[in-house]
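The values are calculated or read from the model by the stated rules, or taken from the named source; none is laboratory data. From a predicted model like this one, the values you see are computed outputs, not experimental measurements. For neighbour counting, all protein chains shown are included, and Cβ atoms are generated from backbone atoms with ideal geometry for every residue, glycine included. Keep in mind that these areas ignore ligands, DNA and RNA; they rest on the heavy atoms of the full protein, side chains included. Shrake-Rupley method; radii C 1.70, N 1.55, O 1.52, S 1.80 Å.
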Amino acid sequence: MLKLKNRFVYEFSEMRKELHLAEYISWWILRICMIVTAVVFSFNGEAVYARNLILLNTLATFTIPILRFISSRKIFTSKITYRCQTYIDIFILMGSFLGHGLKFLGEIHEYDKFMHFLAGGVIVFLGAEVLKAFKGYEIIPPGIKTFCGVGFSFIIIVAWELMEFFADWFITDSNNQGYYIVPDESMLFVKIFGMGKNVADQAPVFDTNADMFYAVVGCIIFTVLLFVYLHRKEQKRAVKEETAKETIRV
């Protein structure tokens, strides 16, 4: 019992070090919104897939605190920063609460593409943040940290599309790949690349590749932002260390 209490105290202390109060409050605002959405979906008789998706994403708002708490101190998952939960919450907010809960996916034209663009970028930061759980993070050059973030983003981009494919394959009321959507000239992707041959007969192929295209664009833009941020942070750290050394010499 004492060990359990000490673990709670330790985790709470670490969370306070890593997060701003506003950031922590935002966690609970999203959790409450997701719980309310899950209840509303249950009473409204929404499709089973939609209800389960909301429920799973509601549980996902507790991912990092639970993962850290149940992990042995010897495993890297016990050291994953709480900031990672904030990045996860961005996906849940955009995709689950706004997308499905408030029906943005069905009511806002190409909201899905904006969501993939933002997700592809934010995951770059999430990947770099996960690195902090490993020893030697401080000595890893900014370029390598950024490269790891890019790799993580590409893995999630592909994994997400595979998830959509298998969900549509096995679940009756799932339609993640837009089987009933016919690409037309009003779509941004078509405006950029034109209407491809036989696209009307390959809606899922179009949807999958368009999603990955926007996600990769987001990944590229956020990669530049991450590298600039990490590079400047490294420069400040180097200057601070040099100043400290000069002070000791004096």
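When Ala167 is evaluated against the numbered criteria (1) open to solvent by 30 Å² or more (accessible area, probe 1.4 Å); (2) touching a Phe, Trp or Tyr at 6+ places or on another chain (Cβ under 9 Å); (3) within 18 Å of Ala50 (Cβ to Cβ); (4) not β-branched (Val, Ile, Thr), which criterion, by number, is the only one it fails?
Condition not satisfied by Ala167: (1).
With the condition kept exactly as written, say whether any residue in the range 20-32 is in contact (Cβ under 8 Å) with a residue 40 or more places away in the chain and assigned to a loop (DSSP other than H, G, I, E, B).
Within the range 20-32, none of the residues are in contact (Cβ under 8 Å) with a residue 40 or more places away in the chain and assigned to a loop (DSSP other than H, G, I, E, B).
Would you pick out the residues in the range 240-250 that are open to solvent by less than 90 Å² (accessible area, probe 1.4 Å) and not polar (S, T, N, Q)?
Of everything in the range 240-250, those that are open to solvent by less than 90 Å² (accessible area, probe 1.4 Å) and not polar (S, T, N, Q) turn out to be Glu241, Glu242, Ala244, Glu246.
Could you list, in sequence order, the residues of the range 41-77 that are in a helix (DSSP H, G or I) and without any contact (Cβ under 8 Å) to a residue 12 or more places away in the chain?
Correct list: Ser42, Phe43, Asn44, Asn52, Leu56, Leu59, Ile66, Ile70.
Hey, can you tell me all the residues within the range 95-117 that are assigned to a helix (DSSP H, G or I) and surrounded by fewer than 19 Cβ atoms within 10 Å (Cβ to Cβ)?
Correct list: Leu98, Phe104, Leu105, Gly106, Glu107, Tyr111, Phe114.
Restricting attention to the range 120-155, report how many residues are crowded, with 20+ Cβ neighbours inside 10 Å and within 19 Å of Phe206 (Cα to Cα).
Number satisfying all stated conditions: 1.
Among the residues of the range 33-41, are any surrounded by fewer than 21 Cβ atoms within 10 Å (Cβ to Cβ) and not hydrophobic (A, V, I, L, M, F, W, C)?
no
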